[in-house]
1. Taking the Cα-to-Cβ direction at A260 and at K230 and moving 7 Å from each Cα, how far apart do the two end points lie in nm?
2. Sorted from fewest to most neighbouring beta carbons within 10 Å, what does the list V290, V84, V93, V43 look like?
3. Grab the beta carbon distance between K252 and T40, set R0 = 35 Å, and tell me the FRET efficiency rounded to 0.05.
4. Can you work out the base-10 log of I(q)/I(0) for the chain at q = 0.12 1/Å, using the Debye formula on its C-alpha atoms alone?
5. How would S241, S219, S56, S269 line up from fewest to most surrounding beta-carbon atoms within 10 angstrom?
6. Any chance you could run the full-extension gain for D131 through K212? It's 0.36 nm times the residue separation minus the Cα-Cα distance, nm to one decimal.
7. What's the whole-number percent of alpha carbon pairs in the range 135-290 lying beyond 21 angstrom?
8. For S26 and R196 in the same chain, what is the full-extension length gain: residue separation times 0.36 nm, less their Cα-Cα distance, in nm?
Amino acid sequence: MTQAPLYILGIDTSCDDTGVGIVELSASGSVQVRANRIWTQAVHAQYGGVMPELASREHVERIDGVMADALAEAGLKVSDIGAVAATSGPGLVGALLVGLMYGKGLAQALDVPFFAAHHLEGHIFAAASEDNLQAPYLALVVSGGHTHLFDVPEEGKYILVGATRDDAAGEAFDKIARLAGLGYPGGPAIAEAALRGNPDAVPFKEPLQGQKAFEFSFSGLKTAALLAHKAGAKPEDLAASFQRAAVHVLVKTTRRAAEAYGRQTVVVSGGVAANTALREAFNQTDLHVVFPGKGLNTDNGAMIALAGAAALRAGRAPSPLAAGATAYAPLANG
């Protein structure tokens, strides 16, 4: 454990957000987010999805500025940084390499520890840090690229309980928003349109109904949305009906898993965790549900800095500077 406050800088360039965050790790082990700066790439809107090569170039162009903004927000100089963490996977390899190499170079120049962080673990810590949460708990990571449900019986141990068989939830939001002409990114577009729509207008069937496992599937909802669109469903009705169906399956499956694993506390994180309907549905259950704080739902550098702080608290050895970027990196280790 550190003997004095330590400032940890975190970098995430796993997809289309350039994120740099700084957290303060106190001598007692408490953590406070000091800065969280994100540059969200707008160039992908015209394509309705992320273009990997363009994402990598945008990261290269923006990371210096985002870094400077984070230091200014925290009121720190670069020489004040005592450790660096950067996402090594999963994600787009070209995009990951920008932040990973930047973080390694910074750590080497400052002669401070470097930690290669797992993107999903960062999402989990983004929520867990809100309550200084201690294991055991369940963790649902639901975003544009991931829909994973983990049991966390102890700090640093992750058991995969269930995952999507096809599209991630956020990916389905993006595709249906594009289908209905609602814009990109799809999560906020669907949520806004749903406020004006009738959730009973399109009768979506519940995916994997009656399953004994804890898996998710969104491809059937996507197909049903296409058929409804062709049949003339209004975009706002399609949005409201799809959102309700997606929220229902996420909450129902997570509740079943919580009961099966004997967990009362559930962490819900990732970009889709910002969805108001999802939050309201979880808050109506008897579970203790913890969401990330403001600005920590989508991909960001502060969550990676929080993962670095957790590694320091646990006494993990720094990562070798030879650590590489990995497109597919399972988190489960139990």
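Since every read-out is calculated from the coordinates, none of them should be taken as a lab result. Note that this is a predicted model, so its numbers are computed, not measured. With ideal geometry, Cβ positions are generated from the backbone for all residues, glycine too; neighbour counts draw on all protein chains shown.
1. Computed distance between label sites A260 and K230 equals 3.4 nm.
2. Numbers: V290 21, V84 26, V93 17, V43 13.
Ascending number of Cβ neighbours within 10 Å: V43, V93, V290, V84.
3. Numbers: r = 31 Å, r/R0 = 0.89.
So the FRET efficiency works out to roughly 0.65.
4. Listed by q, the Debye log ratios stand at -0.81.
5. In order of increasing Cβ crowding within 10 Å: S219, S56, S241, S269.
6. Numbers: separation 81, 0.36 × 81 = 29.16 nm, distance 3.13 nm.
This chain segment gains 26.0 nm when fully extended.
7. On the way: 4941 of 12090 pairs.
Of all Cα-Cα pairs in the range 135-290, 41 percent lie more than 21 Å apart.
8. Numbers: separation 170, 0.36 × 170 = 61.20 nm, distance 4.64 nm.
Answer, rounded to one decimal: 56.6 nm.
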